[in-house]
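A.B. asks: This is the structure, below, for whatever I ask next.
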Amino acid sequence: MAKGLQLASVDWQSPRNNMRHHTAEISTRRLIVRRGQAFDLRLHFLTRGFQPGLDSIYLIAETGPQPERQSGTRAVFLLGLGQPEAKSAWSASYISNGPRSTDVAVLAPAGAPIGRYQLKIHLDSGPGQAASYLLGEFLLLFNAWCPEDDVYLASDPERQEYVMNEDGIIYQGNKDWIQPSPWNYGQFEEDLVDICFQLLDRNLNYQRNPARDCSLRGSAAYVSRVLSAIVNSNDDSGVLLGNWTEDYSGGVRPTEWSSSPAILRQWHRTRGQPVRYGQCWVFAAVMCSGVCACVCWGGG
C-alpha cells in the first residue's frame, strides 16, 4: 500500500504570479493576486508524488477573524483534473506532475471578498492517511482586468491611468481660482497595501461586527464607502484631521502635502493617531491612494 501523501513545502511562484496579476510593482517576495484570475502553486511532497485516483487534495481559503462558508469568507474546494472552472466559485486544477511535486492553478471567484487570506491544504490518501497543513498567507485584490469583476475597465489606457499611474495632479481652489498641484499616490509602495488593509480593519463596521464587514468586502461600492469615511478622522477616528482655519500649529499646513505615503505612514507610525492637517483635496488624494493600494482598481 502506498504511503499517505505528505507535504514538504510550497512554492508560491510570487514573481511570476505577481507579474501576471499586475502587482509585481508592489512586491515579488510575497503573493499578491487579483480575483477572477488564476495563480499557480507548486506543491512539493516528501516521499512520493500526487497520484490521481489514490490521493485527494483539498484547498481551504479563509479571510477575516471568523471565516464562514455561508458568508463567503471560507471556501473548501477539491483539486480537479481539468482547467479552472467558472469564475463564480473558488476552484483548483491540476496542471502537471513531477516525481515529488505537483503544479496547481488556483482561481478566486470574481466576487470574492478582498483581503488577507490564509491558504490551507488537506491531503487524503485513504483511511488513516490524511494530513492538513497551513500553506501561508496571500493578499487578494480587485481586478480591473477581469470582465466578471465589478471594477472591470475595458480600456487599457484607462487601466494604465486609473490603476497603474502613481503620479497625478490634484486641483484645489474655487471656481474663480483653480491651482494644480502634483501628487504622488504611491500605491505600489509595498507597505502601503498593508497600511490600507489596516485602515479597513479600523472602520466602525469592522469594530461592531468584523465577520460581517469582511464578508461585504467583495463589493467595491462597500469598500469605497468605508475608505471614504475613514479618511476623515472627525467621525471615524480616521487618517486626517480637517482644519479650515489659519492656525496649523502642531501639524502640517494642508497645502504642504504632496504625497499620500507620507500621510499614511505617519498615521501608521503613530498607531492610528489622526494626521494634522487636511482639507478636501488632501482627503481626496489619500482616498485615491487607499483605493489604489488596498484595492487596486482605480485612482487619481
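The values are calculated or read from the model by the stated rules, or taken from the named source; none is laboratory data. All values reported here derive from a predicted model rather than from experimental measurement. Backbone-built Cβ (ideal geometry, glycine too); neighbour counts: all protein chains shown. For accessibility, only protein heavy atoms count, side chains too; no ligands or nucleic acids. Shrake-Rupley method; radii C 1.70, N 1.55, O 1.52, S 1.80 Å.
A.B. asks: Please work out the C-alpha center-to-center distance from the range 183-259 to the range 121-142 and express it in whole Å.
C.D. replies: First find each Cα centre; the distance between them is then 34 Å.
A.B. asks: Per residue and in cubic angstrom, what volume does the convex hull of the Cα atoms of the range 127-174 have? Each step should come with its number before you reach the end.
C.D. replies: Numbers: hull volume 9.3 nm³, N = 48.
Cα convex hull per residue, to the nearest whole number: 193 Å³.
A.B. asks: Rank Ile178, Ile195 by accessible area, highest first, at a 1.4 Å probe radius?
C.D. replies: Sorted by accessible area, descending: Ile178, Ile195.
A.B. asks: Let me ask something additional. How far apart, in nm, are two points set 7 Å out from the Cα along the Cα-to-Cβ line at Leu134 and at Trp177?
C.D. replies: 5.7 nm
A.B. asks: Along Cα→Cβ, 7 Å out, is where each label goes; now give me the distance between the ones at Gln66 and Arg48 in nm to one decimal.
C.D. replies: 4.3 nm
A.B. asks: Let me ask something else about it. What are the principal axis extents of the Cα atoms in the range 1-110, in Å, biggest first?
C.D. replies: Dimensions of the range 1-110 along the principal axes of its Cα atoms: 43, 33, 27 Å.
A.B. asks: Taking all pairs of distinct Cα atoms, average 1/r, flip it, and tell me the Kirkwood hydrodynamic radius of the range 161-214 in Å to one decimal place.
C.D. replies: On the way: mean 1/r = 0.0716 Å⁻¹.
Evaluated over the range 161-214, this radius sits at 14.0 Å.
A.B. asks: In nm, what is the difference between 0.36 nm times the number of residues separating Asp191 and Ser249 and their Cα-Cα distance?
C.D. replies: Working: separation 58, 0.36 × 58 = 20.88 nm, distance 2.87 nm.
Roughly 18.0 nm would be gained on extension.
A.B. asks: Can you pull out the GluC sites (Glu not before Pro) in the range 58-133 that DSSP calls coil and that have at most 13 other Cβ atoms within 10 Å? Show your work: numbers first, answer last.
C.D. replies: Numbers: sites: Glu62, Glu68, Glu85; in loops: Glu68, Glu85.
Those that pass, being in a loop and sparsely packed, are Glu68.
A.B. asks: Quick check: Cα centre of the range 1-40 to Cα centre of the range 260-276, how many Å?
C.D. replies: Centre-to-centre (Cα) distance: 31 Å.
A.B. asks: Name the shape class, rounded, prolate or oblate, that the alpha-carbon gyration tensor gives for the range 151-285, where a ≥ b ≥ c are the square roots of its eigenvalues, rounded holds for a/c under 1.5, and otherwise prolate holds if a/b is larger than b/c and oblate otherwise. Could the numbers behind the result be given before it?
C.D. replies: Numbers: a/c = 1.75, a/b = 1.13, b/c = 1.56.
Note, shape of the range 151-285 comes out oblate.
A.B. asks: Given the rule -39500 (n - 2.57) for each run of at least 4 DSSP H residues, summed and divided by the residues of the chain, what is its mean residue ellipticity at 222 nm, to the nearest 500 deg cm²/dmol? Intermediate results must be reported in sequence, preceding the final value.
C.D. replies: Details: 9 runs with 72 residues, N = 300.
Result for the chain, helices only: -6500 deg cm²/dmol.
A.B. asks: List the trypsin sites (Lys or Arg not before Pro) within the range 1-31 that DSSP assigns to loop and that have no more than 12 neighbouring Cβ atoms inside 10 Å.
C.D. replies: Numbers: sites: Lys3, Arg16, Arg20, Arg29, Arg30; in loops: Lys3, Arg29, Arg30.
Answer by residue number: Lys3, Arg29.
A.B. asks: Sticking with this structure for a sec: If packing is taken as the mean number of other Cβ atoms within 10 Å per residue, what is the order of 200-207, 257-264, highest first?
C.D. replies: Details: 200-207: 17.5, 257-264: 20.2.
Highest mean packing first, the order is 257-264, 200-207.
A.B. asks: I need the P(r) histogram for the range 87-232: all alpha carbon pairs, bin width 10 Å from 0 out to the longest distance, whole percents.
C.D. replies: 9, 26, 32, 20, 9, 3, 1, 0
A.B. asks: Work out, in µm²/s and without decimals, the Stokes-Einstein translational diffusion coefficient of the chain at 4 °C, 1.567 mPa s, Rh from Kirkwood over C-alpha pairs.
C.D. replies: D = 63 µm²/s.
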